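Below is one structure, written out as structure tokens; the observations come after it.
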Amino acid sequence: MAIITEEPDPPPPPPKTKPNSKPKKTTSPPPSAAATTKSNTTTTNPFHFWFYFTLVVSLIVFFFISISSLYPQDPKTWFLNLPPVLRLHYSKGRTIKVQTAPNYPQVEVFSIQEGPTNSDSHVLFVHGLGCSSFAFHSILKSLGLKNVHAVAIDLPGSGFSDKSVVVVEENVGGNGGFGGLWKVYSDIKEKGLFWGFDQLIEQGYVNHEENEIHVLKKESVKAIELGGEEMGRVLGQVVDSMGLAPVDLVLHDSALGLSANWISENQGLVRSVVVLDAVPSGTALPLWVLEMPVLRDVALGFRFVFKTVLAKCCGELFGGPEAEAHRILLKGMDGRRAVVGMGKKLNFSFDLAEWSGLDGVKGLPMRVIWSSRFSEEWSDRGRQVADVLPQVTLVTHSGGRWPQEHNAEEVAESIYDFVSSLPKSSKTAVEEQIPEHIQKMIDEAKSGDHHHHHDVHGGHDHHEHNHGHAHAGYMDAYGLGQGWAM
């Protein structure tokens with residue numbers, strides 16, 4: 001009998017692989033995007049980095065060069081670069097020496113005038129912060145043609161006036177170790193580098209007193225910053241040196257608040273006051289624009305930006321050359337710093353109603369000349385100012401908050417109508433007492449001349465003639481030849 005056994009089936013043969021197929025990768029994950037970028041970067045051109053680096057540096061340099069004219073220039077370079085309209089304005093003016101503080105050196109104040117100096121009316125224009133006498137040059141010309149003596153000044157720190165002053169500061173005893181080093185430096189600067197070495201060879205020691213009290217003097221340049229007290233000093237000296245009293249003051253913008261104390265204390269020097277778009281505190285030109293580091297560079301460094309600021313805050317119809325002249329005068333010789341400093345000294349608590357009730361103010365004739373075109377809010381502000389001041393007439397004009405060329409004649413006519421309606425004032429020279437010894441010499445000369453001419457000519461007419469010359473010559477030497485009428 002046969003035995004049948006079952007054998008297991010043989011395993012199936014492995015599948016045949018195609019010759020062109022690639023084996024599957026089951027171990028490593030696909031490369032990340034960062035790795036791919038890194039791989040690509042290593043293969044890029046290295047000059048791309050230097051191209052972008054050079055481009056960025058070039059843009060930075062171009063930006064700073066474009067605003068480099070903002071920073072102070074020496075006076076000669078600044079003046080030679082002035083546009084013709086400003087050179088003409090400067091050529092018509094002169095400077096006056098004034099002192100803003102007792103211990104400060106004198107500074108030069110630029111002034112320009114039109115019209116006869118022997119006029120019945122002497123009008124003095126005082127500009128607000130950021131402005132200058134250039135804003136009034138057309139108004140002055142119109143008033144001069146009407147036989148009005150019109151004067152405008154650049155306040156210290158503005159326009160063509162001095163904008164900084166050198167101040168000597170004293171420090172008694174020095175500053176510790178730094179003071180000793182400064183003393184050694186001062187000795188070397190004064191006596192030479194080998195002064196101590198020569199003393200050491202000749203005497204065996206350096207002649208230096210340890211207990212000596214040293215007074216260190218240091219010179220520093222400071223911007224001129226006017227407050228109410230300094231403004232009063234400037235106005236008083238300008239009125240006195242130019243012979244403007246009694247003066248008709250035209251106060252523009254912030255000049256009202258800065259001049260208020262001087263007006264109330266000098267009633268005899270002021271005949272009338274014209275308020276020209278002036279508020280008790282604040283300025284038309286926003287001072288924060290001139291104070292912020294980046295914004296001030298842009299505003300004063302680019303013409304169209306500054307013109308836009310003027311149109312927004314001071315008046316819409318500024319011409320290109322007119323706006324450019326204001327920009328140059330404001331940024332030149334670091335005038336911006338002086339204007340910002342004066343803005344911080346404004347009296348923001350000034351009460352116009354209280355000031356107008358003072359004894360030295362309430363009797364003054366006043367007129368308010370105000371812009372009716374700038375904005376409705378500004379027109380309402382003008383009516384409020386006119387309501388507060390006593391016996392005031394309100395007249396409007398079609399310009400902005402700063403004087404402009406297109407309405408200069410209009411403003412000048414309003415000022416002329418006001419000052420010509422005021423009563424004329426007379427002014428006589430003060431009699432000077434002749435010293436006793438001078439009077440004795442004059443009497444002896446008169447006596448000798450009288451006897452001489454009486455003996456020779458036998459008459460009295462020559463005595464009177466010579467007496468007149470002797471007295472007139474003395475008075476002319478003192479500038480008091482005769483009184484003069486306003």
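Nothing in this text is a laboratory measurement; each read-out follows from the coordinates by a stated rule. The shown structure was predicted, so the numbers you read here are calculated from the model rather than taken from an experiment. Cβ placement follows ideal geometry from the backbone for every residue including glycine, while neighbour counts extend to all protein chains displayed.
Mind checking the alpha-carbon convex hull of the range 210-340 and giving the volume per residue in Å³?
Values: hull volume 24.3 nm³, N = 131.
It comes to 186 Å³ per residue, whole-number rounded.
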* Asked: Under a point spin-label approximation (7 Å from Cα along Cα-to-Cβ), what is the LYS92-ARG381 distance to one decimal in nm?
  -> 2.9
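What does the highest-first list of 279-285, 129-135, 319-325 look like by mean Cβ count within 10 Å?
Numbers: 279-285: 19.9, 129-135: 26.7, 319-325: 16.4.
Sorting 279-285, 129-135, 319-325 by mean packing, highest first, produces 129-135, 279-285, 319-325.
Among the listed pairs LYS146/LYS362; LYS163/LYS331; LYS97/LYS344; LYS141/LYS312; LYS146/LYS424, which have their C-alpha atoms separated by more than 19 angstrom in this model? Kindly include the intermediate steps, with their values, before the conclusion.
Values: LYS146/LYS362 29 Å; LYS163/LYS331 11 Å; LYS97/LYS344 25 Å; LYS141/LYS312 27 Å; LYS146/LYS424 16 Å.
Flagged as over cut-off: LYS146/LYS362; LYS97/LYS344; LYS141/LYS312.
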* Structure fact -> Extension length gain for THR117 and GLN203 (0.36 nm per residue less Cα distance), in nm, is 23.9 nm
* Structure fact -> VAL85 neighbourhood, Cβ < 12 Å, K/R = +1, D/E = -1, net charge -1
* Structure fact -> Per the rule of 0.36 nm per residue minus the C-alpha distance, extending ASN147 to LEU80 adds in nm 20.7 nm
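Grab the other residues whose beta carbon is less than 12 angstrom from that of LEU300, score K and R as +1, D and E as -1, and report the net. Could you put the intermediate results ahead of the total?
Numbers: positive: ARG296, ARG303, LYS307, ARG327, LYS331, ARG336, ARG337; negative: GLU291, ASP297, GLU324, ASP334.
Every neighbour counted, the sum reads +3.
State the extension gain, in nm to one decimal, for the chain segment bounded by PHE302 and LYS344, taking 0.36 nm per residue of separation less the distance between their alpha-carbons.
Working: separation 42, 0.36 × 42 = 15.12 nm, distance 2.53 nm.
Working it through step by step, the gained length comes to 12.6 nm.
If R₀ is 22 angstrom, what is the calculated FRET efficiency for the pair ALA101 and LYS362, using the beta carbon separation as r and rounding to 0.05?
Numbers: r = 30 Å, r/R0 = 1.39.
Approximately 0.10, to the nearest 0.05.
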* Say a paramagnetic label sat at a point 7 Å from the Cα of GLN267, along Cα to Cβ; which residues of the range 350-368 have their backbone N under 20 Å from it? -> 351-367
* Structure fact -> Computed over the Cα atoms of the range 273-324, the Rg and Dmax in Å are 12.5, 39
